[in-house]
Amino acid sequence: MKAGIFATALLTFGTVAQAQALEPAEQRGLVFVRTHCSQCHAIEMVGVAPPFRTLHQRYPVETLEEALGEGILTGRPAMPEFRLDPGQVGDVIAYLKTLER
């Protein structure tokens, strides 16, 4: 029980420390993906849901700008369709690039 609490505290502290180390656009991108994506995706360096941390291994992250701006459509009925404004696109791309480090 104590080990689980300690692990949770470490992950929480790591997440807070990571967020504080980000540039403003990266922080806004993190807030966006936490709000809109984290229910179904692992958005940070840990987690088992479909992870964002490996996107850069499959695609150059910059190539996602158009899809984010025009609206992401997938074959998965559970994933909502959404469209980001240009500022949000830049923020999300900036955050995704932090996961390449």
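Summed over segment 17-69, residues that are at pLDDT 90 or above and on the phi > 0 side of the Ramachandran plot total 0. Taken over segment 79-101, residues that are farther than 22 Å from residue 57 by Cβ, in a helix (DSSP H, G or I) and of a type outside the set (S, T, N, Q) amount to 2.
The values are calculated or read from the model by the stated rules, or taken from the named source; none is laboratory data. All values reported here derive from a predicted model rather than from experimental measurement. Because the Cβ atoms are built from the backbone with ideal geometry, glycine has one as well, and the counts that use them run over all protein chains shown.
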